[in-house]
Every structure is written in structure tokens, then in C-alpha cells.
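Structure first, then comments.
Since every read-out is calculated from the coordinates, none of them should be taken as a lab result. Fair warning: this is a prediction, and the values are worked out from it, not measured in the lab. Ideal geometry is used to build each Cβ from the backbone, glycine not excepted, and the neighbour counts take in all protein chains shown.
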Amino acid sequence: MDKPQREPLVEVRNLKTQFFLDEGTVHAVDGADFTLYRGETLGVVGESGCGKSVTARSILRIVPRPGRITQGEILYHRRSRRNGGDVTEVIDLTTLDERGPEIRSIRGAEISMVFQEPMTSLSPVHTLGSQIMEAILLHQEVSNEEAKELSVEMLQRVGMPQPRRTVDRYPHELSGGMRQRGMIAMALSCQPSLLIADEPTTALDVTTEAQILQLMRGLQSDLGMAIMFITHNLGVIAQMTEHVIVMYLGKVVEEASVDNIFYNPKHPYTEALLRSIPRVGRKSRERLESIKGTVPDPYNIPPGCPYHPRCNYFMPGRCDVIEPPLFDVGTEHRTRCLLYGDPESLKTTE
Ligand code: SF4
């Protein structure tokens, strides 16, 4: 049977987001290139400071000052019903005024986000219900009563215990898991086509984490939305995602199906990440390796391949001089490493 056609939802093209600080310029996202497809889950993995969260915030146009997008495109394929049929228009989100009505009609309604720590995004002085209602009333033409009823329904859907009572409770009256369910209810209240989940389970215990991950998988198949799942946890990537991008110092260094990332990794950094996690089948005496060295100073990115000071395959005179482009290394599999090609002979992928 033919594989169903994948339909792009958000295409990120050569995205650069920089922070202009007194100490220098931080290239938080440095030419990121990837595509999110409708209905699929894309995992974004990498160590802290690799640009995962800034990429997500760039898509939503909520990059905090003194950061800003300096280059590239974020092409959002917006689908709407018009004249009885589906119409798709392509909007470059980088061109919108970040406080203007157009991005506000997309943010929270068509693309929404859940964060690691719900307390930072839930208001402590408003009930959970009033916050979900606010999100609904902002984007849908319904009465207060209907918005409240929809809030209760959403809380029910995310498995909140006693949703009719919880809707009137304040965030500090809820457990961490309940707050995260509340945050997810709020994010999904307008049925977005893309949910960006930034380390949504990192602050939770293992049992609650498993419940939230299961919940997100269930909601995704019910609602047909795409998820961009940001995490440093490869176990979560294996459970949750179909395709993965690995980021290092603001660049996508590998992009592949989840199977290829785990069983056929190409980039030395992906290999090192995999060697640093416990895996089923690994002999119990085998030691886990930590990744050599540390992430370089963001004001002082190494020349050539930025991973070269930590790489086991470092080729002097090449890796510290030439900046590798993304090479195709298989079906829907690309990697940014000079072991897989010569930039001189490559005029295709970039
Ligand atoms: Fe390692 Fe060189 Fe490949 Fe960079 S380009 S990952 S330094 S082998």
C-alpha cells in the first residue's frame, strides 16, 4: 500500500534568531531548517541551550527581548473552510507584527504551547476555569455560559478529576500533574492544528509523566493535530514521536525518522546522545558515557563544525575549517557532518 502523502503544516527555512546582549550576540537559532507535517509528531532533541525552545518561541512569535528573528521564513499552511471547500493559504509568520491581530488570531487558537512549569504560565490569582474560558472567548464566538461548559468538557477530556469542581479552583490548589492537565486543556481548548510541547513532563514524577504522555497521544489521535515535542529525554522521544530533529548550537544536525535516529544514527553528536542514555538490551556492566566536553560558550562558537571540539571523529584541517551543510544520507534522513560528503561537490540540499 502506498504511504499516505505528508502534508506540510509549518516549514521553517533558514531561521536565525539572535539575542543582542552587552556581552555579544548569541546565535540561539542559527539557520534551522525543518518541516512539521499535519497530524504528525516531530521530536526536537538536544542539550540545554541548543536552541530548541527559542525555535518554538520563534514560531509563536514570542521571543523575549533582546532576542529577535533576523533571517529566514516560517511558512504556516493555514487551512480554512471557504465556499464549502478547504482552502490553504501560506503565511510567513516572520513577517507578522508580533503584537498584531493576525498572529494573535493564530497564537493560542491554531498554534498553542504547553510549557515545562505550568505555574509560570497560569495566573495564580484566577481560577483554572476562568483562564480556560478566557482562551475560548478570545478565539470563539460563544457566550460566557457556553465557554464555561466548554472548559468543563476540556477538563473532562484531559482526565481531570472532578472537572466541574476543579474548574473553580486556583492553580495553587492543584497538584503538579493536575496543573499540567489544566495547561493542556487550555492549550487544546480551541483545537489547534499544532501543539508545541516544551518539556511538558520534565517537572513531573514518572507515573504522572506516563499518564500525561498517554493523554497527549490519545488527544492527538482524536483531534488530528500535529505536535512539536521538545525534550532532552530520548526515552520520551522514542515513545512520542515519528520524526526527530537533533539540534546543536542552534543548528539542526540530524533529521530522520525515530527508527533511524535510534538504530541508524549518522551524526557523531546523535551517537553520543544515544550512548549517554540507558537502553534495553545493553549489558548491565556496560558504562553509560557522558558526552565529551561541554557546550561551548555561546559568544564564542568554534569555527567550522561547531561540534568539532567534542567530536570523536574530528578531522583536523577540515572539521575546524569547513562549516558542514546538511547532506542527504537516506530517505528523509539528513545530517550535518563532513563524514558524509564534501561541500564542494554538493549543490543540492542547501
Ligand atoms: Fe565531527 Fe567533523 Fe562531523 Fe563535525 S563535521 S561532526 S567534527 S566528523
State which stretch of the chain is the longest one without any exposed trypsin sites (Lys or Arg not before Pro), exposure meaning a DSSP loop state and at most 11 other Cβ atoms within 10 Å. 100-282
Only Cα pairs under 8 Å and at least 6 apart count here; give the relative contact order of region 1-95 as a rounded whole percent. 32 percent
Virtual paramagnetic centre 7 Å along Cα→Cβ of Gln239, amide N under 17 Å, in region 184-215: 184, 197-215
Treat each spin label as a single point 7 Å out from the Cα along the C-beta direction, and report the Val87 to Ser105 distance in nm. 1.1 nm
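State to the nearest 20 debye the size of the charge dipole of the chain about its Cα centre, where the only charges are +1 on K and R beta carbons and -1 on D and E beta carbons. Mind showing how you got there, number by number?
Values: 39 positive and 46 negative charges, 130 e Å.
Roughly 620 debye, rounded to the nearest 20.
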Just the Cα atoms of the chain: what Rg and Dmax do they give in Å? 21.1, 68
Dipole of the chain [Lys/Arg +1, Asp/Glu -1 at C-beta], most positive-end residue of Gln211, Thr241, His267: Gln211
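How would region 129-224 be classified by its alpha-carbon gyration tensor: rounded, prolate or oblate, with rounded meaning a/c under 1.5 and the a/b versus b/c comparison settling the rest?
On the way: a/c = 1.95, a/b = 1.31, b/c = 1.49.
Because a/c hits 1.5 or more and a/b fails to exceed b/c, region 129-224 counts as oblate.
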In whole angstrom, the spacing between the Cα centers of region 122-197 and region 21-77 equals 27 Å
Hey, got a sec? Which GluC sites (Glu not before Pro) in region 87-153 land in a DSSP loop and have at most 12 other Cβ atoms within 10 Å? Glu141
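Relative contact order for region 105-225: what percent, with Cα pairs under 8 Å and sequence separation of 6 or more?
Working: 167 pairs, mean separation 46.2, N = 121.
Relative contact order, region 105-225: 38 percent.
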Ranking Thr294, Cys319, Pro192 by how far each Cα lies towards the positive end of the charge dipole of the chain (+1 on Lys and Arg Cβ, -1 on Asp and Glu Cβ), the top one is Thr294
Overall form of region 1-153 per C-alpha gyration tensor (a/c, 1.5; a/b vs b/c): oblate
Note on the chain: helices (DSSP H) long enough, at least 15 Å by alpha carbon along their axis, and hydrophobic enough, mean Kyte-Doolittle at least -0.5, are 128-139, 176-188, 206-223
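Which GluC sites (Glu not before Pro) does region 1-43 hold that lie in a coil by DSSP with at most 10 other beta carbons within 10 Å? Write down the numbers at each step before the final one.
Numbers: sites: Glu11, Glu23, Glu40; in loops: Glu23, Glu40.
Sites meeting the loop and neighbour criteria: Glu23.
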Helix-only [θ] at 222 nm, the chain, -39500 (n - 2.57) per DSSP H run of 4+, per residue, nearest 500, equals -8000 deg cm²/dmol
Site Arg79, offset 7 angstrom along Cα→Cβ, radius 11 Å on amide nitrogen, limited to region 164-193, gives 193
Given the chain, what count of lysine pairs have C-alpha atoms under 16 Å apart, with each pair 8 or more places apart or on different chains? 4
